[in-house]
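In what follows, a single structure is set out as C-alpha cells and then discussed.
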Amino acid sequence: MPNFSHVNILLENISDDCEKAMTLVDVLLEEQSALITMKTNLLSDLSLKKESLMFKLDAKFKLYADEARLQGFGEGSGSVRLWIETLAQKLPRLQTTFLTLQSSIEHAKHLNETNSTLVAEQLAGISHRIAILTAASLDKKNQNEASTYGPQGGFKRSDQTNSRVVIR
C-alpha cells in the first residue's frame, strides 16, 4: 500500500488514475463505435482492456478508502472525498485532479450503461430475426417440414419438387 501521507505522492497516484479513467472513456467510445458499426471482432480486445482498467481503478479506490478510514474519515466514497479535501488544503491541485478523476469515472459509467443498452437492443434484434427465420422454416400445414428454409439450407417448393438453392 503506497504511503499517501505525503500529499505529492497522493497527487501522482490520482493523476495516474485520471489517465486510466480517461483511457477507459476512450476504450468505451471505441466499444460504442464497434457496437454501432457491428465490428464485433473488435469487442473482445476492447472488453479485456475495459475490464483491466476498471479493475485497476477499483483496486486503487479501495486503497484510498482504506487510507481515509485509517485517517479517521469513515467509510465509503464520501470519506475519500473528505480526506482529499482536507489534504487539498496543503496542495489545491489535488482537489481539482480528484474532481477530474470523479468526472472521468462518471463519464465512463454513463458510456458503459449506453453500451449495455446498445448490446441489449442488438440482442433483441437478433432474437427477432431468429424468430422470423424459424417461423419461415416451418410449413404452415405440416409444422415439421421446411417450406422456406430447410434444415440443409435449401427450400421446398409448393409444387413438391425438392430443389435446393446454393448461396455462395
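The values are calculated or read from the model by the stated rules, or taken from the named source; none is laboratory data. Being a predicted model, the structure only gives us computed values, none of them experimental. Cβ sites come from the backbone with ideal geometry, for glycine too, and all protein chains shown count toward neighbours. Side chains are part of the model used for accessible areas, which takes the heavy atoms of the whole protein and leaves out ligands, DNA and RNA. Shrake-Rupley method; radii C 1.70, N 1.55, O 1.52, S 1.80 Å.
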Scanning the range 81-109 for residues that are of a type in the set (D, E, K, R), closer than 23 Å to K56 by Cβ and touching a residue at least 24 places away in the same chain (Cβ under 8 Å) gives R93
D45 vs (1) in a helix (DSSP H, G or I); (2) in contact with a helix residue (DSSP H, G or I) (Cβ under 7 Å, 6 or more places away or on another chain); (3) open to solvent by 20 Å² or more (accessible area, probe 1.4 Å): all pass except (2)
If we keep only residues of the range 48-67 that are open to solvent by 80 Å² or more (accessible area, probe 1.4 Å) and without any contact (Cβ under 8 Å) to a residue 12 or more places away in the chain, then the residue farthest from D16 (Cα to Cα) is L48
When E31 is run through (1) surrounded by 16 or more Cβ atoms within 10 Å (Cβ to Cβ); (2) over 26 Å from V119 (Cβ atoms); (3) acidic (D, E), the failure sits at (2)
